[in-house]
Amino acid sequence: MIDTITPVKAFGIGCILVAASPKLWAFTLNAIAVIGEAQIGQADSTLVFLLFGLLAESLVLLLILIRIIRPEQVTRMLNNLSAWLTQHNRELLIAISLVFGLYFLVKGISRFLA
């Protein structure tokens with residue numbers, strides 16, 4: 001289905017996935033909390049949040065840019081990447097969850113003890 005989807009439908013699906021994804025909301029709200037705790041002012045906070053958004057989407061933007069520049073080579077690369085991600089999905093999910101879980105645990109314990 002993904003190979004035959006129109007750009008308009010892809011945009012709509014992307015909007016729905018962002019709105020309904022608790023993981024994305026958790027990361028975004030945590031970034032807002034960390035930026036707020038830094039107390040760097042509204043203009044700098046806005047700039048830092050925009051930088052966070054750009055960095056969070058950098059891999060997607062990089063793939064789009066590569067697709068525009070070299071469409072024939074990126075198809076093969078994306079197929080290989082997709083196969084690798086599909087094959088290692090469980091291990092990646094465990095590793096990423098462990099890293100962020102430990103981070104939130106340490107952050108919570110340090111705030112509790114402070």
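The values are calculated or read from the model by the stated rules, or taken from the named source; none is laboratory data. These numbers come from a predicted model, not from an experiment. We place every Cβ from the backbone using ideal geometry, glycine too, and count neighbours over all the protein chains shown.
Kindly indicate whether any position in the stretch 98-114 is part of a loop (DSSP other than H, G, I, E, B), loosely packed, with under 10 Cβ neighbours inside 10 Å and on the phi < 0 side of the Ramachandran plot.
Within the stretch 98-114 (the criterion being part of a loop (DSSP other than H, G, I, E, B), loosely packed, with under 10 Cβ neighbours inside 10 Å and on the phi < 0 side of the Ramachandran plot), the answer is yes, since at least one residue qualifies.
Between 86, 46, 75, which is over 30 Å from residue 3 (Cβ atoms), over 16 Å from the mean Cα position of the chain (by Cα) and either assigned to a helix (DSSP H, G or I) or not charged (D, E, K, R) (or both)?
Of the residues listed, the single one that is over 30 Å from residue 3 (Cβ atoms), over 16 Å from the mean Cα position of the chain (by Cα) and either assigned to a helix (DSSP H, G or I) or not charged (D, E, K, R) (or both) is 46.
If residue 73 meets every condition in (1) surrounded by 10 or more Cβ atoms within 10 Å (Cβ to Cβ); (2) within 30 Å of residue 101 (Cβ to Cβ) apart from one, which number is that one?
Against the list (1) surrounded by 10 or more Cβ atoms within 10 Å (Cβ to Cβ); (2) within 30 Å of residue 101 (Cβ to Cβ), residue 73 comes up short only on (2).
Does the stretch 8-33 hold any residues that are closer than 13 Å to residue 52 by Cα and surrounded by 13 or more Cβ atoms within 10 Å (Cβ to Cβ), and which are they?
Answer for the stretch 8-33, where residues must be closer than 13 Å to residue 52 by Cα and surrounded by 13 or more Cβ atoms within 10 Å (Cβ to Cβ): 24, 27, 28, 30, 31, 32.
Which of the following residues is out of contact with any Pro (no Cβ under 9 Å at 6 or more places or on another chain), assigned by TED's automatic domain parsing to the domain that holds residue 23 and either without any contact (Cβ under 8 Å) to a residue 12 or more places away in the chain or exposed (fewer than 10 other Cβ atoms within 10 Å of the Cβ) (or both): 61, 65, 92, 51?
Just a single option satisfies the conditions, and that option is 51.
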